[in-house]
Each structure stands twice: as structure tokens, then as C-alpha cells.
Amino acid sequence: MISEPVITAPEKAKKPWRDVFAVYAEPATLRMLLLGFSAGLPLLLVFGTLSFWLREAAIDRTTIGYLSWVGLAYAFKWVWAPLVDRMPIPVLTRMLGRRRSWLLVSQLIIISALISIGLTDPRVALTPVVWCALAIAFGSATQDIALDAYRIESADTDRQAALAAAYQTGYRIAMIWAGAGALWIAARAEVPGVVGYQQGAWQIAYWVMAASMLLGVATVLLSPEPIIRHSSRAFAPARNAAEWLQGALIEPFADFLRRYGKQAILILALIAVYRISDVVMGIMANPFYVDMGYTKDEVAAVTKIYGVIMTLVGAFVGGVLAMRFGVMRVLMLGAVLSAASNLLFAWLGSRGHDVWALTFVISADNLSSGIASAAFIAYLSSLTNINYSATQYALFSSMMLLLPKFLAGYSGKYVDAFGYSHFFTATALLGLPVLVLVYLASRAQATQPAT
């Protein structure tokens, strides 16, 4: 098997600032901004926004909690990633290419499911809501697989940080629209004078979200298919099912182990824990705001809108710094800032109801998160072999959620036993092993021969 891995070489000479910023005006970067919007839109519509809708419809909190398991589709997308990576879609693949055809199909699944969920009434029957939410999550996870491969194949390694920053920007803008925007639309769609739950308002909100996905559809149709840079043998037609299974499922994982050898364990350990501080802490963020007496308007304005803007700034800064100083240095910076910002929440807990203190903490936390995310996405992209980009990246992005999500399930129990201050301090301490792993990975990468 011919392998053409994409490996970050030892740190290169610094680029002029003019060249660093110019990459953000390139067509590939602008396309990734729009596609990032398409990727970010469905997420809150099956999590935060859906939970708000169901609670307003008098669905009990236990049931709402169980419904959050639809998000496991994102953690297990590596299961069907080989199909997205290798299997052509009849007719569409010939017309659009492998990546764009899968992007279009996944977007149409999301649009159809959003329209369908708007037609359901959770007070009458919850099962249709569950199936629609699963369809949205499945379509969204599939779109992520195809989009990660499209991004990785659209530019060389040096530009991956900028593409990641553009993707993050579009993603976060979509989260504002799907979070605060959907709530605003539902509120404005309510019939004046009618007290209580109004199903029609939520129907309109979700249908507007479905229409918003057309931006991604248009981008896919107007974008070029990435130039094929993988080996011809890697994508040669399979003679039988066993050969296809070997090439589509087994070979991508074997390729990673062959290329990195013993270092693969170190790399996988880093991927598994890099975002652990943020993910574990994030589960208890909203209960913390409620217990501290912040109103829904204050939380929406500061965390859902202003906070997302700060994340966008962080993603842009992270992309620029990675282009200028290298991904590994910014990866370490992001790990330090993410852990340290959790300590600010412990300080916030001692302030009582203080909106200005909340704004300061959210600024620092989301800025840190944006820097860390941009660097981390660029790092994951550099690890993939262009021959198996969708499958390998799906595995990496799934791994980074499994352990943090598992530990986060115990966060409420920990807070009940020890309080918020101890909890936030503990989540900051979870980031210390990450610093060691980033350091070791940096040293290992410096000795890895460039290919």
C-alpha cells in the first residue's frame, strides 16, 4: 500500500505577517466559513434549543436528560466514516465528486428532519421527536465526516490552521443563530394574548432553521471538488467485500499505527484528554448560572452571544498564531489557558450575582477555548493520511469526546458532594496531564522525519 501521509515537519521559518493574514481572504478559507455555518447549525437544535422546547412543553427533566444521548451519534461517527470516505453515491458522486456528494446528502437529511420535527408536538407523542432528533444528529455527524475530509484535502498543512479558524468562526456564528436566534424567533412567532405553550411558534423556529441550511447547500453546489492527492492504489476498485473492508476500515487504522509506531499511543492519549477540562466543566456551567441567580436574559446575552463572539476572536487568534509560530506551541498555549480559565469560575462563585464578573470570566474562558480549538483541529488535521482523511479524522474527533463525556456524567454528583468551587478547581487540575502530553508530543514530533 502506497502511503502519502501528511505530517507536520519540525517548526518552519516564521512567515511574514502579511502572508499570514492573506490566507484568510483565499477562496478555500471563505468556503470553509460558510460550510462551518452549515456544520454548526444542527448541534444546538438537538441539544440546548431542543431541551428548552421540551421543558416548555412540560416534558420532565429526566426524559430530557435521556434524550441527550442522541449526541452519541457524534462520538461514534467513526463507525460509518469508512463508508463516507470510500463509498460513492450513485449518480451524485459522478456529478459532484465523492466529498461534495456526501455533503449534499447529509445536508438534505438535516433539512428534512428539521422540517419533520417542526411538525411534531412533544405533548402528544414524544417518539416522533426522538426519531427526528436522531436523524438530525446522524445527518450532522455524517456532514462532519465529509466536511473534515473536504477541509483537509482543500489545502496543504500550512493552511490547515487558517481553515480551522474559518470553520470555527462559521460554526460559532451558526450556534448563535441556532441558540439565541431560534429562541428569539419562537418568542416573536407566539400569538399575542395566548398564555402558555404554543407549538406553532416552535414549528416556525425550526422551519427557519431548516431554511438556513440552504446556505450550506448552495456552498456545496458552487464549490469545487478537492484535487485528488492520494495514491491511485489507495482508491483502486475493490474486487470483493473482504478487499473493500480491508481498504476502507482496517487499512486507515493500520496506516496510522505504521506511520507513528510507538508514538501513536502518546498521540492518541493527547487526543483523548486535550479538551477534558472544558468538556467536564461545561456540563455544570448552566446549573451554576442558575444557582448564582443569573436571569435567562443575562445568561443568553453574556454566554450565548457575547461568549460565542469571544470564541470567534479566539479561533482567529489561534489560527494566526499557529501560522506564525507553529501548531504545537499554540496547542500548549491553549492547554494552559483552558485549564487556568476554569479557576476563574471558582473565583466567580465567590462574587455572588455579578454580571460584570460573569462577563470577564466568559471572555477569558471563551477566548481560551477558541485558541485551543483552532490549534487542536489543525493538529488533528496534520495527523491524517490524505488517503484516509475522513475515516482517520472521524476517529480522532470521536476519541476526543468519549472520555471527557464519560467523566462529565459524574459532574453533578461531584458538585453536590463538594460544591462548585472544588469542582471548578478539580477540572482545572484535570488539565495538568494535558500539558505533559503536549510537551512530550512536541518533542516526539521534532524527531519525526518529514514526509
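The values are calculated or read from the model by the stated rules, or taken from the named source; none is laboratory data. What you see is a predicted model; the values in this text were computed from it and never measured. Because the Cβ atoms are built from the backbone with ideal geometry, glycine has one as well, and the counts that use them run over all protein chains shown.
Listing for the model above:
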| item | result |
| --- | --- |
| ILE145 vs. criteria touching a residue at least 40 places away in the same chain (Cβ under 8 Å) and within 28 Å of LEU163 (Cα to Cα) | yes |
| Single residue of ARG123, ARG98, ARG94 found to be surrounded by 20 or more Cβ atoms within 10 Å (Cβ to Cβ) and out of contact with any helix residue (DSSP H, G or I) (no Cβ under 6 Å at 6 or more places or on another chain) | ARG98 |
| Qualifying residue in segment 267-278 (condition: assigned to a loop (DSSP other than H, G, I, E, B), closer than 23 Å to THR425 by Cα and either at pLDDT below 85 or aromatic (Phe, Trp, Tyr) (or both)) | yes |
| Residue that is farthest from ALA374 (Cα to Cα), among those in segment 155-198 that are polar (S, T, N, Q) and surrounded by fewer than 23 Cβ atoms within 10 Å (Cβ to Cβ) | GLN198 |
| Qualifying residue in segment 64-73 (condition: within 18 Å of GLN392 (Cα to Cα) and outside any helix (DSSP H, G or I)) | no |
| Which numbered condition ARG31 fails, given (1) touching a Ser or Thr at 6+ places or on another chain (Cβ under 7 Å); (2) of a type outside the set (A, V, I, L, M); (3) at pLDDT below 80 | (3) |
| Residue that is surrounded by the fewest Cβ atoms within 10 Å (Cβ to Cβ) [pool: residues in segment 199-227 that are outside any helix (DSSP H, G or I) and under 23 Å from the mean Cα position of the chain (by Cα)] | GLU225 |
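Residues checked against (1) touching a Ser or Thr at 6+ places or on another chain (Cβ under 6 Å); (2) outside any helix (DSSP H, G or I):
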site	(1), (2)
LEU321	no, no
VAL330	no, no
LEU333	no, no
SER338	yes, no
ARG351	no, yes
PHE360	no, no
